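Asker: My structure is below; once you've seen it, I'll send some questions.
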Amino acid sequence: MEKLWLNGNLSDNPFPYVLYRIWNSKRTGRLEIKTQKHPKKIDFFNGDVTAFASSWDQRSFAKFLHDEKKISSTSIKKCEKLAQSKQISLFKSITELNALSSLKLWSFLKTFMAFDLFPLFDQQEAEFFFDPTQELNESEILASVSTIKVIKKGIYQMKNQKIIDSQLPAQDQYIHQYPNKSFLNKELNPNEKYLLNLIGDKMKRDQLYQHSEIGQNEVNRLIYLFSCLRIAGPPHKALNHLTQELSKVELNRLLDSFNQKCVCIFKYISKEIGPVALSVLEKCIKDIKPHLPPQLQNIRLSQDGTVHISSTPSTNPGLPGEIKLKLFLNALNEILAAEVLAVKKTLGDDHESRITKNLKNIGKWNSKKTKS
């Protein structure tokens, strides 16, 4: 089963990888990243980076406008004074005083929304979690920015070469185009299309250095970009596995591993809050159902913390309601991520970190058991 990408550490999942997963699954919710200096909260609506009137950082935007020389410090002070006296947002006061037209203001806002995330692309280590249960009202949206465009702009301005190098295939390893590259072709720049065409069906990284009209460092940057956007990269073992059918033994092993983690979460939270733990996790299961495929709407929580999935299949074609294996695996991860989030909301950040480590240890133990 793949990692719980809804929460983890940027050392395992670099920031653009996390952004792509949110975009690809059309998520609505809030991503929180716990950096030491400036913890960041990023809102999303249907997969795109979004500024909501009630929650976005207006003061950072005002500083951005000043630093970019779009508005003077004197004008900002006047806007702040008006906002305070009229009990309105700083954003609104800027147009009230005609410091900027609304057309320019929105244009600068969309630029700022990407700019504000650039430092996270160079962040090597920070815990993150995505909360899909955040209540975000579409009527409060000020602006949305394509997450794909944010990823591209962010990677082009990256300075931390170590992160890029750590995600590259070996020089003698083949790079492949992925089947889903076509839907993004219209968003590729000429240099990106050129290198992608040069890769063709497959080419080794050292061959790209030799044959490309692009310098080595920039080739590495583009390979990293292609990998983040799932356009090209080394063969994905996980993706290859998803195309295979599961035997009865493999499926039972998968569900056993899944429920061991569910029981671990239940026992942990029960130890802290007692019998009410079952109600907390039952509400968690109820809340996650709208995010699950229709074939899994009958799941329920047992008294011991295991999640009962009706019509458990004995072979891949028998997956509930003919659900595809990839969707089935994603759903199991959704449930685990939601339960971890319930621990965080009920007990706090420290407990969330502990239970996440416990789940990783279960995964390692299962892996050793399988090999033996």
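Asker: Tell me the per residue accessible area of region 106-175 using a 1.4 Å probe; a whole number in Å² is fine.
Answerer: 49
Asker: Choose one of Phe128, Leu90, Leu117: the residue whose Cα lies farthest towards the positive end of the charge dipole of region 1-141 (beta-carbon charges +1 Lys, Arg; -1 Asp, Glu; about the Cα centre).
Answerer: So the residue furthest toward the plus end is Leu90.
Asker: Output the relative contact order of the chain, whole-number percent, from Cα pairs under 8 angstrom with separation of 6+ residues.
Answerer: It rounds to 17 percent for the chain.
Asker: Going out from 0 in 10 Å bins, what whole percent of all Cα-Cα distances in the chain drops into each bin?
Answerer: It works out to 4, 20, 27, 25, 16, 6, 1, 0, in whole percents.
Asker: What is region 140-228 by shape, rounded, prolate or oblate, if you read a ≥ b ≥ c off the alpha carbon gyration tensor as root eigenvalues and call it rounded for a/c under 1.5, prolate for a/b larger than b/c, and oblate otherwise?
Answerer: Because a/c hits 1.5 or more and a/b exceeds b/c, region 140-228 counts as prolate.
Asker: Still on this structure, I have one more. Once the whole set of protein chains is in place, how much accessible area is left on Lys344, using a 1.4 Å probe, in Å² to the nearest 10?
Answerer: Solvent-accessible area, nearest 10 Å²: 30 Å².
Asker: May I have the pair-distance distribution P(r) for region 1-152, computed from all Cα-Cα distances with 10 Å bins from 0 and rounded to whole percent?
Answerer: With a bin width of 10 Å, the distribution comes to 10, 38, 32, 16, 3, 0.
Asker: Take the cross-link list Lys41/Lys110; Lys41/Lys63; Lys77/Lys110; Lys37/Lys78; Lys26/Lys149; Lys37/Lys81 and give me the ones stretching past 21 Å between alpha-carbons.
Answerer: Too far apart for the 21 Å limit: Lys77/Lys110; Lys37/Lys78; Lys37/Lys81.
Asker: Could you please report the charge total around Lys153, scoring K, R as +1 and D, E as -1 over all other residues with beta-carbon less than 15 angstrom from its beta-carbon?
Answerer: With Lys, Arg at +1 and Asp, Glu at -1, the neighbours total 0.
Asker: Which residue, chosen from Pro235, Val280, Ser146, occupies the Cα position most advanced towards the positive end of the dipole of the chain, where the dipole is computed from +1 (Lys, Arg) and -1 (Asp, Glu) charges on Cβ about the Cα centre?
Answerer: Ser146
Asker: Please state the charge dipole magnitude for the chain, taken about the Cα centre, from unit charges on C-beta atoms (+1 on K and R, -1 on D and E), reported in debye and rounded to the nearest 20.
Answerer: Its charge dipole is roughly 280 debye.
Asker: How much accessible surface area, in Å² rounded to 10, belongs to the heavy atoms of His38 with a 1.4 Å probe?
Answerer: Approximately 140 Å² of His38 is accessible to the 1.4 Å probe.
Asker: Among the listed pairs Lys271/Lys345; Lys159/Lys344; Lys92/Lys152, give every one whose C-alpha distance is greater than 26 Å.
Answerer: Long pairs (Cα-Cα over 26 Å): Lys159/Lys344; Lys92/Lys152.
Asker: Hey, can you list the DSSP H helices of the chain whose Cα span along the axis is 15 Å or longer and whose average Kyte-Doolittle score is at least -1.0?
Answerer: Long hydrophobic helices here: 73-86, 102-115, 216-228, 248-273, 276-288, 325-347.
Asker: Quick query: amide H of Lys204 versus all other amide H atoms, modeled in the peptide plane; which residues come in under 5 Å with a sequence gap of 5 or more or a different chain?
Answerer: Placed amide hydrogens put Ile175 under 5 Å from Lys204.
Asker: Next question. Which net charge results when you count Lys and Arg as +1 and Asp and Glu as -1 among the other residues whose beta-carbon is under 12 Å from that of Asn191?
Answerer: 0
The values are calculated or read from the model by the stated rules, or taken from the named source; none is laboratory data. For clarity, every value in this text was computed on a predicted model and none was experimentally measured. Virtual Cβ from ideal backbone geometry, glycine too; neighbours counted across all protein chains shown. Heads up: the accessible areas ignore ligands, DNA and RNA and are worked out on the full protein's heavy atoms, side chains in. Shrake-Rupley method; radii C 1.70, N 1.55, O 1.52, S 1.80 Å.
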